[in-house]
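Structure first, then comments.
The values are calculated or read from the model by the stated rules, or taken from the named source; none is laboratory data. Just so you know, these numbers come straight off a predicted model, no measurement behind them. Note: ideal-geometry Cβ built from the backbone for every residue, glycine included; neighbour counts use all protein chains shown.
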Amino acid sequence: MSRREDELLRALLGPEGPELSCEECFELLDRYVELEVAGSDADRAVPGMLAHLDGCPACHEDHVSLRALVRSDTSG
Amino acid sequence: MSPAVSVGAVEALPIGAQPSTDPDPESLAWVTALQASAPGRDEAIARLHELLLRAARFEVNRRRVTLPHLRGDDFDDLAMQSADDALVAVLAKLGTYRGESKFTTWVYKFALLEAAVKLRRRAWQARELPLEPQVWTLLPTGGPSPQASAERSELFGELQAAISTGLTPHQREVLVAIALNGVPIDVLAERLNTTRGALYKTLHDARQKLRAHLAGRGIRIGAEAKEEA
């Protein structure tokens, strides 16, 4: 399977396991990101978040932005 | 402007989520200063707006390359509108802050969301949304071996059949637009007069149907395929 086909399959089929909704993702994203930045096990603390971020491009982008902003605060 | 994600719809935390915790002193000071009856509330709101504007500018600067036709003033306006809308959202949701993160982190997500949605919509403004599959003809036809090529053809053939006949018209439209053609979910939600959450639920249901279709044909994927191998 080529990388492009793999990406296409992921986009079509989404994550395998249970996942949060977009609303739940937004509700929990700040806590999840702080755990990530602190080096804690964010995925264990917030089950279903990683799967949702894998399946929802918009929430994935929001996650990347919030993590970058919090990291910039922490490092600054 | 209505938020793209209706955060008020969340009633229960998922399994494993922690209960409310006491905010740190700085966060508690923010919440206290923003209460309706607090002395100096206007000054606190002004500081909050500065914080939201900083977050909105951060997002705008990250995405600036996706909008090469916009000028500097346009980006400034987008950031300011995002901060304004985020301020309204934060004040409306202040009572839902549970202290599970710093107050600043909690408010950042409102500004980032507002800015991201506005930038995605601006990028797709006046563009026709591709709602028909455009990708099938782009799939490579060769393979590393005749067997792998045949398996791949069967897999994508079954997926194409399931998309064509196994989904409702709305599920097909949403799946094709978001998963195949890369239309941002916020943009599609605006065009279809619905919400990101509702569209993602539709996308999720469509994906489940595709997985069930493949399982019904005996085609294993992901972890199942690895276990079998």
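Things worth noting here:
- Test for B:Gly218: is it within 11 Å of chain A (Cβ to nearest Cβ) and at pLDDT below 95: no
- Qualifying helices (runs of 4 or more DSSP H) (wholly inside chain A; at least 1 residues being closer than 24 Å to B:Ala56 by Cα, more than 8 Å from chain B (Cβ to nearest Cβ) and of a type in the set (Gly, Ala, Ser)): A:57-75
- Conditions (1) in a loop (DSSP other than H, G, I, E, B); (2) over 20 Å from A:Asp62 (Cβ atoms): number failed by B:His213: (1)
- There is at least one residue in region B:42-53 that is assigned to a helix (DSSP H, G or I) and within 11 Å of chain A (Cβ to nearest Cβ).
The rows are residues; the columns are (1) loosely packed, with under 13 Cβ neighbours inside 10 Å; (2) at pLDDT 95 or above; (3) under 22 Å from the mean Cα position of the chain (by Cα); (4) of a type in the set (D, E, K, R).
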{"position": "B:Leu34", "(1), (2), (3), (4)": "no, yes, no, no"}
{"position": "B:Ser37", "(1), (2), (3), (4)": "yes, no, no, no"}
{"position": "B:Ala46", "(1), (2), (3), (4)": "yes, yes, no, no"}
{"position": "B:His49", "(1), (2), (3), (4)": "no, yes, no, no"}
{"position": "B:Arg54", "(1), (2), (3), (4)": "no, yes, yes, yes"}
{"position": "B:Pro68", "(1), (2), (3), (4)": "yes, no, no, no"}
{"position": "B:Asp76", "(1), (2), (3), (4)": "no, no, no, yes"}
{"position": "B:Ala86", "(1), (2), (3), (4)": "no, yes, yes, no"}
